[in-house]
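Trainee: Can you keep this structure in mind? I'll have questions shortly.
The values are calculated or read from the model by the stated rules, or taken from the named source; none is laboratory data. For clarity, every value in this text was computed on a predicted model and none was experimentally measured. So basically every Cβ, Gly included, is an ideal-geometry build from the backbone, and we count neighbours across all protein chains shown.
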């Protein structure tokens with residue numbers, strides 16, 4: 001497991017200053033006269049990007065800072081979110097407008113999955129949500145490159161215990177192969193959506209290769225070797241978006257699953273590739289693994305907050321109460337009582353005809369109107385000079401490749417050995 005405390009101390013000047021102050025106090029130094037940073041250094045720290053992508057747009061940086069500050073609030077500190085089934089107006093109506101009809105509130109965040117059927121015409125619903133003050137989170141549910149004929153459903157493997165292929169075959173600098181071509185095509189489609197949203201001024205909270213510490217997806221942990229190269233593939237996605245496509249309207253979200261197969265941080269790409277750590281969790285009582293005695297040797301909450309990154313529930317919902325009987329208030333109750341660092345919850349749309357969406361759960365009115373919960377009308381991260389219904393449109397290389405960098409240029413991270 002990555003030793004996150006060391007990375008945090010290295011990357012955050014505030015932590016370094018605090019440590020220096022403590023050291024000075026222990027050594028009897030008169031701290032009142034100490035100046036830790038000169039005027040130029042202080043100005044540099046105040047303007048230095050806090051995002052994983054050093055070239056992230058001002059809006060992306062402002063949004064991340066807002067998430068970092070949410071746990072310090074007395075109220076309005078947890079973003080509400082709902083995944084829709086596909087990027088279409090019909091899906092938006094079914095999951096979002098139905099919730100509004102019942103509660104009078106739009107969720108602050110809408111989540112989508114990039115699938116093969118997506119077209120650019122669909123994204124207008126996301127752009128509209130953004131311009132009305134909302135947030136966007138996105139994941140990719142990619143076809144298995146070794147089983148492309150089965151489409152998006154092949155993301156799940158038939159036998160989680162079976163040996164998985166080497167993900168390094170898919171990297172930008174790997175030899176050409178049918179599998180690599182399938183993967184790069186899916187990656188390009190995701191990049192197209194990120195680009196279109198960026199041209200509209202939107203920031204995307206991107207969750208690539210979610211639940212990689214689990215064994216149920218083709219990119220997940222190989223149970224025979226207890227490893228996968230998901231870390232390398234995540235970094236490859238990062239470099240494709242930020243360097244090859246030169247898109248900088250992204251917050252990078254590492255989203256592990258519950259640690260049934262491997263600890264949450266098993267495949268953490270490193271702090272320089274991650275803005276937020278947002279695990280998925282499905283449990284009727286919204287307890288993460290590690291809370292119930294004997295359930296897991298890991299403590300998922302303790303692990304994710306050790307990164308020092310803003311945290312949230314990247315996906316959540318009930319585990320057995322899948323008929324609409326789940327008490328939606330459980331989400332905010334558990335955050336208040338057990339997981340106060342959580343900055344958002346993002347409820348899944350459901351699967352196999354199960355009821356999971358907020359619009360059909362019990363007591364959702366109380367959840368959406370809880371003083372801690374941020375709905376779309378309460379999102380307040382935007383700089384005061386920017387109207388809530390619009391954002392500064394990125395220009396030049398912030399949203400598309402520059403003339404000196406072809407779209408298909410290969411920019412490569414270091415590969416784990």
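Trainee: Here are some residues: 206, 171. Which one is in contact with a helix residue (DSSP H, G or I) (Cβ under 6 Å, 6 or more places away or on another chain) and either under 16 Å from residue 139 (Cα atoms) or in the same structural domain as residue 109 (by TED's automatic domain parsing) (or both)?
Mentor: Of the residues listed, the single one that is in contact with a helix residue (DSSP H, G or I) (Cβ under 6 Å, 6 or more places away or on another chain) and either under 16 Å from residue 139 (Cα atoms) or in the same structural domain as residue 109 (by TED's automatic domain parsing) (or both) is 171.
Trainee: Further question on the same structure: Can you work out which of the residues in the range 338-353 that are surrounded by fewer than 16 Cβ atoms within 10 Å (Cβ to Cβ) and without any contact (Cβ under 8 Å) to a residue 60 or more places away in the chain is farthest from residue 93 (Cα to Cα)?
Mentor: Only one residue fits best here, namely 338.
Trainee: Now a separate question. Filter the range 175-223 down to the residues that are touching a strand residue (DSSP E or B) at 6+ places or on another chain (Cβ under 9 Å) and part of a strand (DSSP E or B) and list them by number.
Mentor: Answer for the range 175-223, where residues must be touching a strand residue (DSSP E or B) at 6+ places or on another chain (Cβ under 9 Å) and part of a strand (DSSP E or B): 204, 205, 206, 207, 217.
Trainee: OK, next. Among the candidates 23, 31, which residue alone is farther than 23 Å from residue 380 by Cα, out of contact with any helix residue (DSSP H, G or I) (no Cβ under 9 Å at 6 or more places or on another chain) and either modelled with pLDDT of 75 or more or not assigned by TED's automatic domain parsing to the domain that holds residue 231 (or both)?
Mentor: 23
Trainee: Which of the numbered conditions does residue 126 fail, given that it passes all the others? Conditions: (1) touching a strand residue (DSSP E or B) at 6+ places or on another chain (Cβ under 7 Å); (2) closer than 28 Å to residue 340 by Cβ.
Mentor: (2)
Trainee: Out of the residues in the range 257-279 that are surrounded by 22 or more Cβ atoms within 10 Å (Cβ to Cβ) and under 10 Å from the mean Cα position of the chain (by Cα), which is farthest from residue 333 (Cα to Cα)?
Mentor: Checked the range 257-279; the qualifying residue farthest from residue 333 (Cα to Cα) is 275.
Trainee: Further question on the same structure: Does the range 162-182 contain at least one residue that is under 25 Å from residue 348 (Cα atoms) and either buried (at least 22 other Cβ atoms within 10 Å of the Cβ) or touching a residue at least 60 places away in the same chain (Cβ under 8 Å) (or both)?
Mentor: No, the range 162-182 has no match at all.
Trainee: Of these, 90, 60, 98, which one is assigned by TED's automatic domain parsing to the domain that holds residue 192, out of contact with any helix residue (DSSP H, G or I) (no Cβ under 8 Å at 6 or more places or on another chain) and farther than 19 Å from residue 207 by Cα?
Mentor: Result: 90 is the single residue among 90, 60, 98 that is assigned by TED's automatic domain parsing to the domain that holds residue 192, out of contact with any helix residue (DSSP H, G or I) (no Cβ under 8 Å at 6 or more places or on another chain) and farther than 19 Å from residue 207 by Cα.
Trainee: So, one more: Which residue is farthest from the chain's Cα centre (by Cα), if the candidates are limited to the range 185-209 and must be over 28 Å from residue 381 (Cβ atoms) and surrounded by 18 or more Cβ atoms within 10 Å (Cβ to Cβ)?
Mentor: 186
Trainee: In the range 138-161, which residues are free of Cβ contacts under 8 Å to residues at least 24 places away in the same chain and touching a helix residue (DSSP H, G or I) at 6+ places or on another chain (Cβ under 8 Å)?
Mentor: Within the range 138-161, none qualify.
Trainee: In addition: State whether the residues of the range 228-246 include one that is outside any helix (DSSP H, G or I) and under 13 Å from the mean Cα position of the chain (by Cα).
Mentor: No; the residues of the range 228-246 include none that is outside any helix (DSSP H, G or I) and under 13 Å from the mean Cα position of the chain (by Cα).
Trainee: Right, next: Does the range 78-107 hold any residues that are surrounded by fewer than 20 Cβ atoms within 10 Å (Cβ to Cβ) and assigned to a strand (DSSP E or B), and which are they?
Mentor: Within the range 78-107, no residue meets the criteria.
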